[in-house]
Amino acid sequence: MNLNDYISKINSTNQKVLSIFLTAGFPDKENFVSLAEGILNSGADMLEIGFPFSDPIADGPVIQYSSQKAIENKVSIQSAFDYIKEIKSHIDKPLVLMGYANTILSFGIENFFKGLNLCGADGLIVPDVPLEEYESFFGEQKSRTSIILLTTPSSSIERIKEIDSRSRGFVYCVSVNGT
């Protein structure tokens, strides 16, 4: 079931969604798939999998730490793609990939979106691509994956409406200013 269908199903029953975030390959890359599947089989509705980045500015110290450890363990975007593909072969719940633009650009944007489509990720969150750069970053890519944009407590109503019109699946609502 794709992310849009899954969210629509949940919305129609007025249920809440439990989404858990894990850094790809943390705490160790050999057991990551088992950890992720265990979380999903224990009641999580969806999983956000962050690919590691050396300077995750929008994240707090826990995710910064997990990202650093994953980098030390040689976890990459390709590793995240491989994890998602393996998890998707066993579980039909949404998996959302989350990471930073510089890592995607270093990987190669065309290669990234090709890998994203092949692994079966249901959504993509790139917190450091603002609405004003949406077209230049995502516009040329042919992705089956839902692009999820962020809004913040300081966003104007007009901006929230524009973010909503460009996001697919859901809008990521940051609840506080800061990390």
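The values are calculated or read from the model by the stated rules, or taken from the named source; none is laboratory data. All of these numbers come straight from a predicted model, not from anything done at the bench. Positions of Cβ are backbone-derived with ideal geometry, glycine not excepted, and every protein chain shown enters the neighbour counts. Remember, those area values only see protein heavy atoms, side chains included, never the ligands or the DNA or RNA. Shrake-Rupley method; radii C 1.70, N 1.55, O 1.52, S 1.80 Å.
Could you tell me whether any residue of region 30-39 is part of a loop (DSSP other than H, G, I, E, B) and in contact (Cβ under 8 Å) with a residue 60 or more places away in the chain?
Our first condition is that a residue be part of a loop (DSSP other than H, G, I, E, B); within region 30-39, this holds for 30-31.
With in contact (Cβ under 8 Å) with a residue 60 or more places away in the chain added as a condition, the list becomes none.
So far as region 30-39 goes, no, none of its residues is part of a loop (DSSP other than H, G, I, E, B) and in contact (Cβ under 8 Å) with a residue 60 or more places away in the chain.
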Quiz item: (1) modelled with pLDDT under 80; (2) over 15 Å from residue 96 (Cα atoms); (3) open to solvent by less than 30 Å² (accessible area, probe 1.4 Å): which one isn't true of residue 32, the others all being true?
Solution: (1)
Quiz prompt | Scope region 60-111; condition crowded, with 22+ Cβ neighbours inside 10 Å, farther than 19 Å from residue 172 by Cβ and among the aromatic types (Phe, Trp, Tyr); matching residues | solution = 81, 83
Self-check item: Count of residues meeting criterion [at pLDDT below 85 and either within 21 Å of residue 148 (Cα to Cα) or assigned to a loop (DSSP other than H, G, I, E, B) (or both)] in region 40-62
Solution: 8
Exercise. Please name all residue pairs, on different chains or six or more residues apart, with Cβ atoms under 7 Å, provided the first residue is in region 150-179 and is closer than 20 Å to residue 3 by Cα and the second residue is surrounded by 12 or more Cβ atoms within 10 Å (Cβ to Cβ) and acidic (Asp, Glu).
Key: 171/164
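Condition check ((1) farther than 24 Å from residue 107 by Cα; (2) of a type in the set (Phe, Trp, Tyr); (3) within 16 Å of the chain's Cα centre (by Cα)) across all residues:
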{"site": "7", "(1), (2), (3)": "yes, no, yes"}
{"site": "11", "(1), (2), (3)": "yes, no, no"}
{"site": "23", "(1), (2), (3)": "no, no, yes"}
{"site": "28", "(1), (2), (3)": "no, no, no"}
{"site": "47", "(1), (2), (3)": "no, no, yes"}
{"site": "55", "(1), (2), (3)": "no, no, no"}
{"site": "62", "(1), (2), (3)": "yes, no, no"}
{"site": "73", "(1), (2), (3)": "no, no, no"}
{"site": "82", "(1), (2), (3)": "no, no, yes"}
Quiz item: Among strands (runs of 3 or more DSSP E) lying entirely in region 67-179, which contain 3 or more residues that are under 26 Å from residue 27 (Cβ atoms)?
Solution: 95-98, 123-125
